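Notes to accompany the following structure.
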Amino acid sequence: MTDTAFSTLTKRLQLPAIGAPMFLISNPDLVIAQCKAGIIGTFPALNARPSSMLAEWLERINDELAAHDKANPDNPSAPFAVNLIVHKSNPRLEEDLELCVKHRVPVVVTSLGAREDVNSRVKGYGGIVLHDVINNRFAHKAIEKGASGLIAVAAGAGGHAGVTSPFALIREIREWFDGPLALSGAISHGASILAALACGADLAYMGSVFIATHEANAAEAYKQMILDSSAKDILYTNQFTGVHGNYLIPSIIAAGLDPDNLPGSNPSAMDFGDNDASDAKAWRDIWGAGQGIGIIHEKASTADVVSRLKAEFITAKQRLT
């Protein structure tokens, strides 16, 4: 790793991990809890609705983490991050970016496209831009356009994900890139975090493990479905947003759809598709999850989840040594 800002940031972590931003689910409660527990907490800017609410969220997160740090000088919080969708379908991008710059958000995660102007604005105030990619070609493009680092979204990750093995994807990227790199893909156990580091990543990027937490803004039925499901209950499809992603099969069935006979998608609009017989929507009704949910067996606080991950991480290290 050569990025000084990134090295400074990771020194504040108690566990080398990022809580991935989850559409509709990640909120200030979850982000603050993740940061206080010692991992980077993130949320999509689009979760703050209406758009004017984003400023309120940023002020609250900054204020509560600052208060925590003042009260716990020996146990400061981890930084937080905001996820910006830089796809042309996002009409809020410029407004949300302006607020991120104003509040000097430590880390910005960009998705669905790489933008030089976005990267330069964030890096201009000392922020870090991590761009998520599903293959090596997109990784090259992101760095060429000025991203500080990458998030390798490998097979098995929740939501929009790729199909490449994490072992292959990480090594292909590390052939030419020695900067900040996080790995996403079915990471729900502390041993898997250690495995991500062994592969060559600097951080594990994990979302589904936090869906069933008390702080997550997920329906109780969604949380229970996480507890009741495993890798066999995940379907990889582009039928709901036009972009391939992993979704819970039981939620597809509950929405009145046949997982083996799904309607067409509309990639350009990134919407549900052309099935007029169903009002089901991705994320709201069709629930995303990664393949790592099979080891999640109970609802818990975010602090307890991170504590479990830390213990598993330490045990895995001790077993190897």
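Each value in this text was obtained by applying a stated rule to the coordinates, not by laboratory testing. This is a predicted model, so every value here is computed, not measured. Cβ sites come from the backbone with ideal geometry, for glycine too, and all protein chains shown count toward neighbours.
For region 38-89, what are the residues that are of a type in the set (Ser, Thr, Tyr), touching a residue at least 60 places away in the same chain (Cβ under 8 Å) and surrounded by fewer than 21 Cβ atoms within 10 Å (Cβ to Cβ)?
Result: Ser89, single match.
Return the pairs, sorted by first residue and then second, in which the second residue is assigned to a loop (DSSP other than H, G, I, E, B) and among the charged types (D, E, K, R), the first residue lies in region 125-151 and is within 18 Å of Gly200 (Cβ to Cβ), the beta carbons are less than 7 Å apart, and the residues are 6+ apart or on different chains.
Correct list of pairs: Ser148/Asp3; Gly149/Asp3.
Quick one: in region 60-93, which of the residues that are within 17 Å of the chain's Cα centre (by Cα) and of a type in the set (A, V, I, L, M) is nearest to Phe43 (Cα to Cα)?
Step one: list which residues in region 60-93 are within 17 Å of the chain's Cα centre (by Cα), which gives 78-87.
Checking which are of a type in the set (A, V, I, L, M) leaves us with 78, 81-82, 84-86.
On the way: Ala78: 14, Ala81: 7, Val82: 5, Leu84: 9, Ile85: 11, Val86: 15 Å.
That would be Val82.
Looking at the structure I just gave you, is Pro106 over 21 Å from the mean Cα position of the chain (by Cα) and not charged (D, E, K, R)?
Details: over 21 Å from the mean Cα position of the chain (by Cα): no; not charged (D, E, K, R): yes.
It is false that Pro106 is over 21 Å from the mean Cα position of the chain (by Cα) and not charged (D, E, K, R).
I'd like the residue in region 109-132 that is at negative phi and assigned to a loop (DSSP other than H, G, I, E, B) and, out of all such residues, is surrounded by the fewest Cβ atoms within 10 Å (Cβ to Cβ). Working first, answer last.
Keep residues of region 109-132 that are at negative phi, which gives 109-111, 114-125, 127-132.
So of that shortlist, the ones also assigned to a loop (DSSP other than H, G, I, E, B) come out as 114-115, 125, 127.
On the way: Ala114: 22, Arg115: 20, Tyr125: 13, Gly127: 21.
Selected residue: Tyr125.
When region 144-191 is examined, which residues are found to be more than 21 Å from Asp233 (Cα to Cα), of a type in the set (A, V, I, L, M), out of contact with any Asp or Glu (no Cβ under 8 Å at 6 or more places or on another chain) and not in a strand (DSSP E or B)?
Listed by number, the residues that qualify are Ala147, Ala168, Leu169, Ile170, Ile173.
State which residue pairs qualify: first residue under 16 Å from Ile187 (Cα atoms) and inside region 294-321, second residue among the polar types (S, T, N, Q) and part of a helix (DSSP H, G or I) in any location, beta carbons under 8 Å apart, and separation of 6 or more residues or different chains.
Ile296/Ser208; Thr302/Gln34; Val306/Gln34
Picking from Gly185, Gly179, Gly158, Gly207, which residue would you name as being of a type in the set (Gly, Ala, Ser), under 22 Å from Arg12 (Cβ atoms) and surrounded by 24 or more Cβ atoms within 10 Å (Cβ to Cβ)? Outline the logic, then answer.
Details: Gly185 fails: under 22 Å from Arg12 (Cβ atoms); Gly179 fails: surrounded by 24 or more Cβ atoms within 10 Å (Cβ to Cβ); Gly158 fails: under 22 Å from Arg12 (Cβ atoms).
It is Gly207.
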